[in-house]
Each structure stands twice: as structure tokens, then as C-alpha cells.
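Reviewing the structure listed below.
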Amino acid sequence: MKTSVLDRFLRYVQIDTQSDPGSESFPSTAKQRDLSNLLAVELLEIGISDAHVDEHGYVYATIPSNSNKTQIPVICFCSHVDTSPDVSGANVKPVIHKNWDGSDIALPDDHTQVLRIGELHDLDQQIGNDIITASGKTLLGADNKAGVAEIMAAAEYLVNHPEIRHGDIKILFTPDEEVGRGTEKVDLAKLGADYGYTVDGEAVGTLENETFSADSVRITISGVSTHPGYGLGKLENAVKIAADILAKLPKDTLSPETTSDKEGFIHPVQVEGIQEKVTISFIIRDFTTAGLHEKEAFLKGILDEVLKQYPNSTADFKVQEQYRNMKEVLDKYPQIIENAEEAMQRAGLDPVCRSIRGGTDGSRLSFMGLPCPNIFAGEHAFHSKLEWVSVQDMEKAVEVIVNLARVWEEKA
């Protein structure tokens, strides 16, 4: 019996899979495996015989080719099972607002959480659709369980409709995407795909082929500690040094709250320590690697300027690469985007290719050797209690995934 994308989604979001940025284990939380194990079982029940969860919590599966053609590229569809650490993902209670009429949606368990047209991007496009939200106490988990449910529903459809010709289709579900570790232990040789698509995007019809490039910076300040009663001429408080650095960041530019479109930023995300030693963690974002380096040099200049006032203190400035703009890779393989656009057009959509002010597993996968843009899953207001998705957008995503399998076979 066919399981609808809605039924799958409602089931998956009630499984708590929140990842943990402070954990050193992999996956960062064992509970992510609860969903991974369920997905592997369901894929086996669909009839995909090699579906399994590996020792790191990744789900791998193959829908074998049913085409006589032998040169069809192997395509992978990928989503992540974890949800954001920013808002609780435990005891999610999904609510369906059927045939929504455009009025405000006050969430039942917290009436201060309200979805309103004009305040939430793309909500005005959903009048008449069935909107799914959480109850107001948690996030919904549409990021990225909408994508998971869509891939699962598309896989079942392809298995049950052998008249749709396709090459080998690979399925990959990853843990820990939300904490930046989603591709850390993926085995691309085992996966065996030529090209991929993450299903982790926003508005219906959108296709993201460009992301931020990203680095992290950690500044560790070593001050001079002494008893405050006898600190005259001796004490150099690392807490105050950190405060001086943060105070010199621009107020009207170079921050997430003051930038948009292709503008990058310097964003402090954590400060911890005592008067002897303080660490400040930053994320640096730009659409070019050169832009990243400019911002890192700007931040290093602030550090050097501040340290001149504290001659006996030192600081370590450490840059860590996180991911790079996938467009640098995808531009070499235009057929990936062209086929996605055709798949959307066949579903009656007007595809919109755009940039994303963030990153996906596809950013890293592209540079690891699996060119991988991001297609829409319908998820909106990610990482918040106002997160929502519509049933109709999820159904359209399933149609696009099926169309993609067909298009790659036809063009081989």
C-alpha cells in the first residue's frame, strides 16, 4: 500500500533527532539513529534490497536501473535527518491547517507564536493549501524531514512504476548537517554516484546553485592575571580585551543583521573565558574565497590594534575552512542545473535558480567530488517555532524528484 508524503512527514517529525554542536561523538546525538534505522527498514519494505545504516549513522540505498541504456549517470538524492539545536525538537506535535484562507495562524500551545502574511516569506503563496506547523512549543522539523519524506515517497513511486525508465538512483540520508558535520564520514566511493541533489531548499520551484563560502575564526586571548586588589600596572583583563575587540566591529555593515543578497559578514557566535584567558568564536561568510580572506584580514587588524593597548598580552588567531561556494564546481557541469530546471518545468513550475545565504551538505559534497546543487523541499522559517511547510509543495517536490530520474535517463 502506498504511503503518502504527508503520512511519512507526520511520522518522521515526531522522532526527536536534534543534533548537538558540543558533542564529540558521531553522530553528535544517538537519537538521530532512531530515524535512520526506521528509514532503512522502510526502504527495505519498499523493495530496495541494499538499504542499510552504516556505523556512522548514514543511510545508503540504491534503486537499480531499469533502462537498457548503459551510460546513464548515477544520480543521488540526499537529505539530512537531524534538526537544528536552536529550538527543541522533542515531542513535536504537527498541526495541519487545511485549505488555509490566509488569516493569521496562532499556534495552539503558544498563542504568541503567530504565522502572518507579510511577516513570513512566501506564506502569501499558500492560500488554499494545507499548511503544516508545530504546536508552538517546538520547531516542526521540516528542515529537513520534508526532504527526507519527499525522497522516500519518490523512491516508493519509482519502485512501483517500472514504466518510468531511469538509471541507478542512489539515496543518502546524513546525520549532523545542522552542526556542520553532515559529510564528515560519508563514503562517496561506496555511494558510487556521479552527480547529486540535496533536497533541502525553501520555496517551491527554487533551485540553489550558489552558497556562501565559509570559514570559522577562533581568537584566543591570553591576558595577564593578578589579584585585582594589587592589579595596578599589572592586570591585563582578557575579558576586557575581548570586549574591546567586539566593540570595534562595524555597527552598520559586515554583520548578519545589516547585510543581504551577495554581502558577506563577520559574526561573533560565542565568547567564553575568565580574566586570564578568553576565546571568541566567529563565523566568516562571503560568496568568494577572496572576500573571506579580506574579512579575516580586517578582523586580524582589529585584534592587532587592540593588543597595542595591552603590551603584555598575546592572542592566537586561528582560521578553519568550513565550506566553499558550490558554484565554483557546478559551473563545470551545466547539465545538472539544466536537467533540474526541465524536471521542474515538467511539473508545471517556473524554475528559479538562486543563491542561498548559507550552506548545505551539497556545498561540501561538491568539493568532495559529487557536484550537488540544492532543490526545494518546501520548508520555511527554519530553526524556529514558526517553521512551516505545505502538503502541496511537498507533493510537488516528489514529482520533481521522479521527473529528474526520468530526464537523466532520456538524455543519456
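Against the numbered list (1) farther than 26 Å from Asp261 by Cβ; (2) touching a Lys or Arg at 6+ places or on another chain (Cβ under 9 Å); (3) crowded, with 24+ Cβ neighbours inside 10 Å; (4) not hydroxyl-bearing (Ser, Thr, Tyr), Ala155 comes up short only at (2). The single condition among (1) in a loop (DSSP other than H, G, I, E, B); (2) in contact with a Ser or Thr (Cβ under 9 Å, 6 or more places away or on another chain); (3) under 20 Å from Val389 (Cβ atoms) that Cys78 does not meet is (1). The residue that is nearest to the chain's Cα centre (by Cα), counting only those in the range 206-234 that are assigned to a loop (DSSP other than H, G, I, E, B) and surrounded by fewer than 20 Cβ atoms within 10 Å (Cβ to Cβ), is Ser225.
Could you tell me which of the residues Asn66, Asn91 is part of a loop (DSSP other than H, G, I, E, B) and more than 26 Å from Ile375 (Cα to Cα)?
Working: Asn66 fails: more than 26 Å from Ile375 (Cα to Cα).
One residue alone meets the criteria, Asn91.
In the range 371-379, the condition of being over 17 Å from the mean Cα position of the chain (by Cα) and within 29 Å of Pro162 (Cβ to Cβ) is met by no residue.
Within the range 235-256, can you find the residues that are acidic (Asp, Glu) and either assigned to a loop (DSSP other than H, G, I, E, B) or modelled with pLDDT under 95 (or both)? Give the derivation first.
Here is the first cut: in the range 235-256, the residues acidic (Asp, Glu) are 236, 244, 252.
The answer is Asp252, and nothing else.
Filtering the range 243-272 to residues that are touching a residue at least 40 places away in the same chain (Cβ under 8 Å), of a type outside the set (Val, Ile, Thr) and within 24 Å of Ile221 (Cα to Cα) leaves Asp244, Lys248, Leu249, Leu254. Of Leu35, Leu39, all but one fail to be under 19 Å from the mean Cα position of the chain (by Cα), at pLDDT 95 or above and outside any loop (DSSP other than H, G, I, E, B); the exception is Leu35.
Being under 26 Å from Gly102 (Cα atoms) and out of contact with any helix residue (DSSP H, G or I) (no Cβ under 7 Å at 6 or more places or on another chain): is that true of Glu399 here? So Glu399 fits the description; yes.
Scanning the range 106-152 for residues that are surrounded by fewer than 21 Cβ atoms within 10 Å (Cβ to Cβ) and assigned to a helix (DSSP H, G or I) yields Asp124, Gln125.
Among the residues of the range 325-347, is there at least one that is touching a helix residue (DSSP H, G or I) at 6+ places or on another chain (Cβ under 9 Å) and closer than 30 Å to Ile245 by Cα? Yes, the range 325-347 contains a residue that is touching a helix residue (DSSP H, G or I) at 6+ places or on another chain (Cβ under 9 Å) and closer than 30 Å to Ile245 by Cα. Ile48: over 21 Å from the mean Cα position of the chain (by Cα), among the hydrophobic types (A, V, I, L, M, F, W, C) and in a loop (DSSP other than H, G, I, E, B), yes or no? Criteria met by Ile48. When the range 350-400 is filtered for residues that are touching a strand residue (DSSP E or B) at 6+ places or on another chain (Cβ under 9 Å), within 22 Å of Gln126 (Cβ to Cβ) and among the charged types (D, E, K, R), the ones remaining, listed by number, are Arg354, Glu379, Lys385, Glu387, Asp393, Lys396.
The values are calculated or read from the model by the stated rules, or taken from the named source; none is laboratory data. Predicted model, so just to flag it, every value in this text is computed and none were measured. Cβ coordinates were reconstructed from backbone atoms using ideal geometry, including for glycine residues, and neighbour counts include every protein chain displayed.
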